[in-house]
Amino acid sequence: MPRPLRADAQANHERLLDVAARAFAQDGADTSLKAIAAEAGVGIGTLYRRFPTRDDLIEATYRSETARLCASAPRLLAEHEPRTALRRWMEAFVDYMLTKRGMANALPGILAAREGLRLQSRAALGEAATALIEAGVAAGRLRGDAVPHDVLMALGGITLISGHEDRRDLASRLISLLLDGLTPAAAESSAGPDEPSAAAESAGTSRTSRTSRTSRTKESGADSD
């Protein structure tokens, strides 16, 4: 059993994983390890002592991000009403999947070599989603026939679509559509304060688009003068 890390070493460890998650999501699995160490405020030697190979860092990042996402479910339920908690967890799930997407070249081989890791992750995510959905159903905020596995599959699809389009804002709008579909008719008029409906988000996007077009038209007119 490994010895617990000193407080400063633990802080370095967690900071490296936080920075690595952002770097992998933005730049992919081949991102510079020196840049990760520098942004985390440690030397490259410290990184290699904790993670001797790139694959070790990728695996640790995957495990850390999975654990963080799963642990957020009860905290969100303690801080928000169930539908808002689910909405925030869905947004975090998309960010988690985008980090996985950045590690796509290396992660399949790592998961294949670590027996049970993929299944453990799926089970943990399923338990987190189930807790959120069951709380929403019990509060009358979600449909009673909502199936956690189906919701996770839908979120995976949302991530693929928005990732392919390279538009994180699209993911948020699709999450609104998914939540609208999960909401019983009686609860539709009582969305939480942090939950814009899909229609409201679409209208906001349309207004932004119209404003942009109007601005460009005015600029074009000014140029022709």
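The values are calculated or read from the model by the stated rules, or taken from the named source; none is laboratory data. Since the structure is predicted, the reported quantities are computational estimates derived from the model, not experimental observations. Cβ coordinates were reconstructed from backbone atoms using ideal geometry, including for glycine residues, and neighbour counts include every protein chain displayed. The area values use the complete protein model at the heavy-atom level, side chains included, leaving out ligands, DNA and RNA. Shrake-Rupley method; radii C 1.70, N 1.55, O 1.52, S 1.80 Å.
Tabulated values for the structure
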| read-out | value |
| --- | --- |
| Computed lengthening from ASP150 to ARG22, 0.36 nm per intervening residue step minus Cα-Cα distance | 43.3 nm |
| Using a Förster distance of 30 Å, the FRET efficiency for ILE161-LEU119 (Cβ separation, nearest 0.05) | 0.70 |
| Charge dipole magnitude, Cβ of K and R +1, D and E -1 - the range 106-183, Cα centre, debye nearest 20 | 120 |
| Distance (nanometres) between label positions extended 7 Å along Cα→Cβ at ARG6 and ARG54 | 3.1 |
| The range 1-61 - Debye-derived log10 I(q)/I(0), Cα point model, q = 0.25, 0.29 Å⁻¹ | -1.06, -1.39 |
| Estimated dipole of the range 5-131 in Debye, rounded to 20 [Cβ of Lys and Arg +1, of Asp and Glu -1, Cα centre] | 100 |
| Listed residues THR46, ALA29, VAL19: farthest to the positive end of the dipole of the range 1-95 (Cβ charges) | THR46 |
| The range 83-173: C-alpha gyration tensor shape, a/c 1.5 cut-off, then a/b vs b/c | oblate |
| Whole-percent carbon and sulfur share, accessible surface of the range 19-103, 1.4 Å | 51 |
| Length added when fully stretched, ALA78-ARG143, from 0.36 nm per residue minus Cα-Cα | 21.3 nm |
| Accessible area expressed per residue, the range 66-111, with surrounding protein chains retained (probe 1.4 Å, Å²) | 40 |
